[in-house]
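Report on the following structure.
The values are calculated or read from the model by the stated rules, or taken from the named source; none is laboratory data. Everything numeric here is computed off the predicted structure, so don't read it as measured data. As a convention, Cβ positions derive from the backbone with ideal geometry for all residues, glycine included, and neighbour counts pool all protein chains shown. With ligands, DNA and RNA removed, areas are computed over all heavy atoms of the protein, side chains included. Shrake-Rupley method; radii C 1.70, N 1.55, O 1.52, S 1.80 Å.
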Amino acid sequence: MMGTSHAATGVLAGAAVGVLVQTDPLSTLICALIGGGAALLPDLDEPGSTVGRSLGQVTELTSQKLREASKAAYRRTATEVELRKAQSGGHRHLTHTIPACLAFGVLAGVVALIPLGLGLVVFAMVALGLGTVLRSIKKLGPLKKRKRATLVVAGFFGLSMMIVPDQALPFWLVGVVVFAGALVHVLGDWLTRSGVPLAWPFVHRGKRWWMFRSPVAFHTGNSPVEDAIRVGALIFAPIMMVLWGATPPPM
């Protein structure tokens, strides 16, 4: 799926988590924004992707390191059957596994425990999600202007976590939202023809990196199904937050 589609499903997943744990409306909104950014994390294994270039050198360097880690993991864990046919093990490998989603969530939760860490996680996730979306909308002006707007908005939400203690999210909720966002990314790519290694690190049919795909898989970026998923997520997320997310948490 395209980056904007992943971000849209991440927003929906984050909002759903916020609603399920009965957070207040503002916290639910922040959960949705975190989810939108988290849903792009798996694609940071591709330096040339929109998300890989979304924040300039920061995301480009991160993408390069994740690509190297993915290739190393493939070389070390691939079965003899897989090694007979050379593959790079880069994109859609390590970061597109369920253990990786868990790792993203745990890392975010741990960072959120550190002083100023919560603000940093919120800033990073909002910047990642918004930066990817704005990068694809060229009508909004020069790229530098869109990057600046991304940092301003992300900075606002990040600072709000630091200076307004009542609005701070618990670390475990941050971890759950990031995990959920990354997971919907993996499931979204499962719907495409390229598939994802859902069974890793277990072996399936002689392969540890077996690419599972939906029986009705579609081509990325060229399918009315993907368009419907993206639009549906963006429509349903705010409706859900308004109808079910306006109730304050029980005392």
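Quick notes on this structure:
- Residue list for the range 52-97, filter: β-branched (Val, Ile, Thr) and in contact with a helix residue (DSSP H, G or I) (Cβ under 7 Å, 6 or more places away or on another chain): Thr59, Thr62, Thr95
- Selection status of Leu243, in a helix (DSSP H, G or I), open to solvent by 60 Å² or more (accessible area, probe 1.4 Å) and either closer than 23 Å to His6 by Cβ or not acidic (Asp, Glu) (or both): yes
- When the test is whether a residue is among the basic types (Lys, Arg), within 17 Å of the chain's Cα centre (by Cα) and modelled with pLDDT of 90 or more, Arg135 does not pass it.
- Among (1) closer than 17 Å to Gly3 by Cβ; (2) open to solvent by 60 Å² or more (accessible area, probe 1.4 Å), the one test that Gly181 misses: (2)
- Here the range 71-105 is the region considered, the condition is being without any contact (Cβ under 8 Å) to a residue 12 or more places away in the chain and in a loop (DSSP other than H, G, I, E, B), and the residue that is farthest from Val121 (Cα to Cα) is Arg84.
- Filtered residue count, the range 215-234, keeping only those that are among the acidic types (Asp, Glu) and either more than 14 Å from Val184 (Cα to Cα) or modelled with pLDDT under 80 (or both): 1
- Some residue of the range 57-76 being open to solvent by less than 20 Å² (accessible area, probe 1.4 Å), at pLDDT below 95 and in contact with an Asp or Glu (Cβ under 6 Å, 6 or more places away or on another chain): yes
- Only residues that are farther than 15 Å from Val111 by Cβ, assigned to a helix (DSSP H, G or I) and either of a type outside the set (A, V, I, L, M, F, W, C) or touching a residue at least 40 places away in the same chain (Cβ under 8 Å) (or both) were counted in the range 123-143, giving 8.
- Ile163, sole failed condition from (1) closer than 15 Å to Val51 by Cβ; (2) surrounded by fewer than 13 Cβ atoms within 10 Å (Cβ to Cβ); (3) β-branched (Val, Ile, Thr): (1)
- For the range 110-122, the tally of residues that are farther than 15 Å from Gly10 by Cα and either touching a residue at least 12 places away in the same chain (Cβ under 8 Å) or open to solvent by less than 20 Å² (accessible area, probe 1.4 Å) (or both) stands at 9.
- Test: residue in the range 177-185 that is under 23 Å from Tyr74 (Cβ atoms), among the small types (Gly, Ala, Ser) and in contact with a strand residue (DSSP E or B) (Cβ under 7 Å, 6 or more places away or on another chain): no
- Scanning the range 92-109 for residues that are of a type outside the set (A, V, I, L, M, F, W, C) and either on the phi > 0 side of the Ramachandran plot or buried (at least 21 other Cβ atoms within 10 Å of the Cβ) (or both) yields Arg92, His93, Thr95, His96, Thr97, Gly105, Gly109.
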